[in-house]
Amino acid sequence: MSFDYTSRDVQATDVAPVTVSHFDVDAYADYEAKLLERTATFANALEGVAVYRRFRAAEVFSDGCRDMRRSLELQLGCLRTSMDFDADIPNFLEPWYGIGTIASAYGAEYVWFPGQAPVIHYRFETVTDALNYKPVSIAQTPIGRHSLEMIDFFLNETRGKLPVCYCDSQSPLSAALMVVNTNNLLMDVIFNPEGVLLLLDRIADLTIDFVNEQKKLLGRCLVNPGHGFASARNFAGYGQSDDNMLMLSNEQYIDCALPAFRKVGKAFGGPVFHSCGDWSSHIPAIRAIEGLCCIDGAFSPETDPAHNPCEPVAEIFARSGVVVNARIVGGLDVIEKQVRALWRPGMKLIVVTYCRTPEEQHEAYQLIHDICQ
């Protein structure tokens, strides 16, 4: 089946928002506690499979992200609905997801077009221009303050009992391409690699400082690796979206971008990698990430029209100790085909499903565990 380009969000689920007063926080906390026994077993094992039925509301990932209460109510609707679907990993709350948070330290400001997610325009033409600018801490920017206030709001409204992740922070490379003109930065990878390395290192330090600010607030509610990944309080690592690595060669990525990516990940339990699209040709660069905990990718055409092939990922990451977080939008036939192609002895596999009904999810859950025995 081909990618549905008419859908607002192929990975979203229609849910009814739930007000805090109508959400049973204690019931979800009990539900999560039971699943945490399964996530602990998976985290500690040398191989195995876990199923995650991801729930996200489309509005939260577009213009609805700006309204704290609306975002929380939609996500509470997701949590409530998720309890009816068989899974090994619980869903969690995400106060702020918007990309561009890190770039705000360099003066980038959000532009809000009606009905759309915010966008960021780059500030500088060259890497040298960006290096000559003194950034402020992210926590001092309007969106940084908003993110921290949103975390505080979510925690207060839910009595600090529900699982919550960090805001969606991009990798230093992705952030840099929101700071500097993309064409010129990519040219500087060739002509000024030392400058690119220095800029990404500075962005890594800004990221670490801001994540630490979030960590202070989140406390024991924190789940890892965070946005876009199956996450739990007893999972490890810090997730970074590194989609723009596909524009570099493996050698360029290892030399220029990987050090900053690794630096951020190491500060929070280990690097966790995500990229949209087909990143299989960049597996040598990804495997070079020291301490890599987990990788995430799309593994069906309904998830991403340029999804990853299963076999090369399976062959490289089986027996590696690296968790493969495989997002598979599609019916039972698609799930079965892709899981059979992905599974190998010695693999740690998380299968992320998007089944439409509890009945279909029950069948998928049983099927996945049967395949990966």
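The values are calculated or read from the model by the stated rules, or taken from the named source; none is laboratory data. Just so it is clear, the structure is predicted and the values come from calculations on it, not from any experiment. Here the Cβ is made from the backbone with ideal geometry for all residues, glycine too, and neighbour counts use every protein chain on show.
Could you tell me how many of the residues in segment 42-63 are at pLDDT 95 or above and assigned to a helix (DSSP H, G or I)?
Result for segment 42-63: 3.
Identify all residues within segment 92-114 that are aliphatic (A, V, I, L, M) and part of a loop (DSSP other than H, G, I, E, B); write none if there are none.
Looking only at segment 92-114, we keep the residues that are aliphatic (A, V, I, L, M), and these are 93, 99, 102-103, 105, 108, 111.
If the condition is that a residue be aliphatic (A, V, I, L, M) and part of a loop (DSSP other than H, G, I, E, B), then I99, A108 are the ones that fit.
Just give me the residues in segment 170-196 being out of contact with any Asp or Glu (no Cβ under 9 Å at 6 or more places or on another chain), outside any loop (DSSP other than H, G, I, E, B) and within 14 Å of D255 (Cα to Cα), in sequence order.
L186, D188, I190, F191, E194
Does at least one position in segment 209-219 carry a residue that is surrounded by fewer than 23 Cβ atoms within 10 Å (Cβ to Cβ), among the small types (G, A, S), closer than 30 Å to T182 by Cβ and out of contact with any helix residue (DSSP H, G or I) (no Cβ under 6 Å at 6 or more places or on another chain)?
no
When both residues are 6+ apart or on different chains and their Cβ atoms are under 6 Å apart, which pairs have a first residue that lies in segment 22-47 and is more than 12 Å from M83 (Cα to Cα), and a second that is among the β-branched types (V, I, T) and surrounded by 15 or more Cβ atoms within 10 Å (Cβ to Cβ)?
V25/T158; T39/I89
Considering (1) over 19 Å from the mean Cα position of the chain (by Cα); (2) crowded, with 23+ Cβ neighbours inside 10 Å, say which one P135 fails and leave the rest.
(2)
Quick one: in segment 340-368, of everything that is touching a residue at least 60 places away in the same chain (Cβ under 8 Å) and farther than 26 Å from V15 by Cβ, which residue is surrounded by the fewest Cβ atoms within 10 Å (Cβ to Cβ)?
Applying the filter and picking the extreme gives P345.
Yes or no, residue by residue, for (1) loosely packed, with under 14 Cβ neighbours inside 10 Å; (2) assigned to a helix (DSSP H, G or I); (3) modelled with pLDDT of 95 or more; (4) aromatic (F, W, Y):
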{"position": "F3", "(1), (2), (3), (4)": "no, no, no, yes"}
{"position": "T6", "(1), (2), (3), (4)": "yes, no, no, no"}
{"position": "K34", "(1), (2), (3), (4)": "yes, yes, yes, no"}
{"position": "A40", "(1), (2), (3), (4)": "no, yes, yes, no"}
{"position": "C65", "(1), (2), (3), (4)": "no, yes, no, no"}
{"position": "E73", "(1), (2), (3), (4)": "no, yes, yes, no"}
{"position": "C78", "(1), (2), (3), (4)": "no, yes, yes, no"}
{"position": "P90", "(1), (2), (3), (4)": "no, no, yes, no"}
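Please indicate, with yes or no, whether at least one residue in segment 237-253 is under 22 Å from F210 (Cα atoms), in a helix (DSSP H, G or I) and in contact with a Cys (Cβ under 8 Å, 6 or more places away or on another chain).
Yes.
Residues of segment 169-207 being surrounded by fewer than 22 Cβ atoms within 10 Å (Cβ to Cβ) and either under 13 Å from A103 (Cβ atoms) or of a type in the set (S, T, N, Q) (or both), which ones?
Answer for segment 169-207, where residues must be surrounded by fewer than 22 Cβ atoms within 10 Å (Cβ to Cβ) and either under 13 Å from A103 (Cβ atoms) or of a type in the set (S, T, N, Q) (or both): L177, N181, T182, N183, N184, N192, R202.
Go through the residues of segment 92-100 one by one and say whether even a single one is modelled with pLDDT of 95 or more, within 22 Å of L198 (Cβ to Cβ) and either buried (at least 22 other Cβ atoms within 10 Å of the Cβ) or out of contact with any Lys or Arg (no Cβ under 8 Å at 6 or more places or on another chain) (or both).
no
Among the numbered conditions (1) under 19 Å from the mean Cα position of the chain (by Cα); (2) of a type in the set (A, V, I, L, M, F, W, C); (3) surrounded by fewer than 21 Cβ atoms within 10 Å (Cβ to Cβ), tell me where L46 comes up short.
With respect to (1) under 19 Å from the mean Cα position of the chain (by Cα); (2) of a type in the set (A, V, I, L, M, F, W, C); (3) surrounded by fewer than 21 Cβ atoms within 10 Å (Cβ to Cβ), L46 is out only on (1).
Among residues belonging to segment 15-32 that are in a loop (DSSP other than H, G, I, E, B) and over 22 Å from the mean Cα position of the chain (by Cα), point out the one that is nearest to Q338 (Cα to Cα).
The qualifying residue nearest to Q338 (Cα to Cα) is A16.
Taking the condition of being surrounded by fewer than 22 Cβ atoms within 10 Å (Cβ to Cβ) and within 9 Å of P225 (Cβ to Cβ), how many residues in segment 262-279 meet it?
Going through segment 262-279, the residues surrounded by fewer than 22 Cβ atoms within 10 Å (Cβ to Cβ) turn out to be 262-263, 266-267, 269-270, 276-278.
Cutting the leftovers down to within 9 Å of P225 (Cβ to Cβ) gives us 269-270.
Result for segment 262-279: 2.
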